[in-house]
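Inspection log for the structure reproduced underneath, given as structure tokens.
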Amino acid sequence: MTATTSAHQAAAILLNNWKATTRIAALPEHCRPASRADGYAAAAAVAEASGQPVAGWKIAATSEAGQKHINVEGPLIGRILRHRLLPPGAAVTLGDNIMRVAEAEFAFGFGKDVPPRAKPYDIEEALEAVSSLHLSIEIPDSRYSDFTKVGSAQLIADTACASWLVLGPAIAVPWRHIDLSEHKVSGYRNGEKVIEGTGKAVLGDPRKALTWFINEACTYCGGVKAGQFVTTGTCVIPYAVAPGDRISVDYGVLGTISASIV
């Protein structure tokens, strides 16, 4: 079996389980990705088979605690498909979601293409490619019955636990001078503050996470396109949500974003 065939078979299984809201313990051995490259090939096939455009990207496991929780050696990236993107204030259907948490994330919008090249991009070049900063709330999920046991390659294939993303508009407040690593972020549930964190949780700084993402995407995913975005990982410990909850995240001078869980 060729690598391309294996990637498409893995993608078909994952996409069918996504549509049917069912879970698998792991991908079958005959099409199970054995490396990061295999995982990204399968994830690309998932996006292709979905028929949906790629609106943007996400980074999972940008904190040491997050990496330990899902038993991976480092961050992972996944695609956010257009039909999984929601506006601020949207109703997010939890359904049979097995993670049942909300994550508060900075997102960067790209103003120009970032193509693959031999030399890694540095943080200054990464920021030059960015045209906007956005607030977001991610409600992740997995197509595996126990996502802590399948490892990096299979999690990558499954779009790095992507599900729903509530994405705000470009922030109007000037932000490039703000130290995002020290910027406070507070998560609320039904009007009560339940968690607090800073951008330091995200590889030490959301701008460092942005740079890591660009180089990972250029290595494995063909680069990044203008008009896309990337969410850089949760600034707070993911907090529990349930149907009926009203959640919001306060980013201080940068604004607030909210959603309803149904």
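In what sequence, highest mean first, do 231-244, 85-98 appear when ranked by Cβ atoms within 10 angstrom?
Numbers: 231-244: 20.8, 85-98: 15.1.
The peptides rank, most packed first, as 231-244, 85-98.
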Of the candidate values [x] 20.5, 64; [y] 29.1, 99; [z] 17.2, 54, the one computed for Rg and Dmax of the Cα atoms in Å from this structure is [z]
Within the set 153, 34, 118, GNM on the chain using Cα springs under 10 Å gives the largest fluctuation to 118
Checked segment 34-190 with the C-alpha gyration tensor, a ≥ b ≥ c its square-rooted eigenvalues, rounded below a/c of 1.5, otherwise prolate if a/b is larger than b/c and oblate if not; verdict rounded
For residue 208, the lysines lying under 23 Å Cα to Cα, once residues fewer than eight places off in the same chain are dropped, come out as 58, 68, 112, 119, 184, 200, 225
With all protein chains in place and a 1.4 Å probe, residue 4 shows an accessible area in Å² (nearest 10) of 90
Compactness summary of segment 128-226: radius of gyration and Dmax from Cα atoms, Å, are 15.7, 43
With +1 at each Lys and Arg Cβ and -1 at each Asp and Glu Cβ, the charge dipole magnitude of the chain around its Cα centre, to the nearest 20 debye, comes out at 380
Extend 7 Å from the Cα of residue 93 along its Cα-to-C-beta direction; within segment 232-258, residues with backbone N under 16 Å of that point are 243-244
Here the percent of antiparallel bridges among DSSP beta bridges lying wholly in the chain, to the nearest 5, is 85
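Determine the order of 57, 18 by accessible area, beginning with the largest, at a probe radius of 1.4 Å. Present the calculation step by step, with values, prior to reporting the outcome.
On the way: 57 10, 18 40 Å².
The ranking, largest first, comes out as 18, 57.
Where Rh denotes the Kirkwood radius from the mean inverse Cα pair distance, what is Rg over Rh for segment 1-84?
On the way: Rg = 13.3 Å, Rh = 13.7 Å.
Over the Cα atoms of segment 1-84, Rg/Rh equals 0.97.
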Magnitude of the Cβ-charge dipole (Lys and Arg +1, Asp and Glu -1) of segment 111-262 about the Cα centre, nearest 20 debye, reported as 120
Excluding ligands, DNA and RNA, the carbon-plus-sulfur percentage of the accessible area of the chain with a 1.4 Å probe reads 55
P(r) of segment 54-144 over all Cα-Cα pairs, 5 Å bins starting at 0, rounded to whole percent, reads 3, 9, 17, 25, 19, 15, 9, 3, 1
For the chain, the per residue accessible area (1.4 Å probe, Å²) is 41
The Cα extents of segment 156-207 along the principal axes, largest first and rounded to whole Å, are 36, 30, 24
Rounded to whole angstrom, the alpha-carbon centroid of segment 88-135 lies from that of segment 161-218 at a distance of 9
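The values are calculated or read from the model by the stated rules, or taken from the named source; none is laboratory data. All values derive from a computational prediction rather than experimental measurement. Using ideal geometry, Cβ is built from the backbone for each residue, glycine included, and neighbour counts are taken over all protein chains shown. The accessibility values were calculated without ligands, DNA or RNA, using every heavy atom of the protein model including side chains. Shrake-Rupley method; radii C 1.70, N 1.55, O 1.52, S 1.80 Å.
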